[in-house]
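Read-outs: derived from the displayed coordinates by stated rules, not from any lab. As the structure is a computational prediction, the values presented were derived from the model and not from experiment. Heads up, the Cβs are rebuilt from the backbone with ideal geometry, glycines too, and the neighbour counts pull from every protein chain shown.
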Amino acid sequence: MKKIILLSAFVVLAIGLSGQSRWAFGLDVEAGYSGKADLQEQTYYDDTFGDYYYKSEVRRQPGFSGGVWTEFLLSQRFGLRLGVNYSQWRDFSEAESISYNTEDLMIAYSRDRYYQKQRQFRIPLETNFYFGKPTDRARFFLKAGVQATYLLAQTNTVNNYYGAVGQSESYDYSYAEELDLTAEWLDVKRWQTSFIGGFGFTMDRVTLSLQKTWGLGKKQNYYGYPGGCCGFGGLCDCYLPYYYPSSIKPLQQTTLRFAYAIW
């Protein structure tokens, strides 16, 4: 994997150093969030044993990336851009439940929080369509392309809390683990592809753009934690992980990219 990263960076750098006026080379940084935001609440009414409240929530989490890029101007309006970058992204989901007795007094409370952090190596290939003339100082553009992502590492953290009337102590437990992505029992697709779409503008040596990625892999690829019903960040149809692990899918991102052309 290290050889692939070094080779990709060398190719981008070599292309950028080609010295032709239609080539550009530079650095970029991205900041944004991964996943999606969703809240589901449900109350189950029972006159015999008491009511039960359940909530599941997924929240967007921040992330960043940094790398190098090169662009070749195919014409006055079209440009082909190749990049190599390192990124870190997170995801978060939470389940909460409250049990009441027939007098509407709380008798039990539980909360489960699931955190996920991924470190990725990404190779985006994008086509830019520019508006205006090449002599204009500022030009707006639309972008579309594909991105290959390699999952370098993933860390999972779980926090469980439980308390009930009559208990002498509440239960609060946390643990974290970095997954062994080479384990035979874990079906890991470390290489993933996604579609990129966005827009932006360029002025002199500076480019600012907003983009979003959509995964092209199968929807059921995810990694699960004990308890609940599904996976992280819109990777399944509900929001609590299965007990049995399945494939791991890199998190989807929405980012703001700042790029600077060195030459």
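See the values below:
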quantity	calculated
Some residue of segment 151-163 being within 23 Å of R205 (Cβ to Cβ), among the small types (G, A, S) and either in contact with a strand residue (DSSP E or B) (Cβ under 6 Å, 6 or more places away or on another chain) or in a strand (DSSP E or B) (or both)	no
Residue within segment 29-44 that is under 20 Å from L256 (Cβ atoms), hydrophobic (A, V, I, L, M, F, W, C) and not in a strand (DSSP E or B) present	yes
Scope segment 53-109; condition surrounded by fewer than 21 Cβ atoms within 10 Å (Cβ to Cβ), among the β-branched types (V, I, T) and assigned to a strand (DSSP E or B); matching residues	V68, I98, I107
Identity of the residue in segment 121-142, polar (S, T, N, Q) and surrounded by 12 or more Cβ atoms within 10 Å (Cβ to Cβ), that ends up farthest from S209 (Cα to Cα)	T127
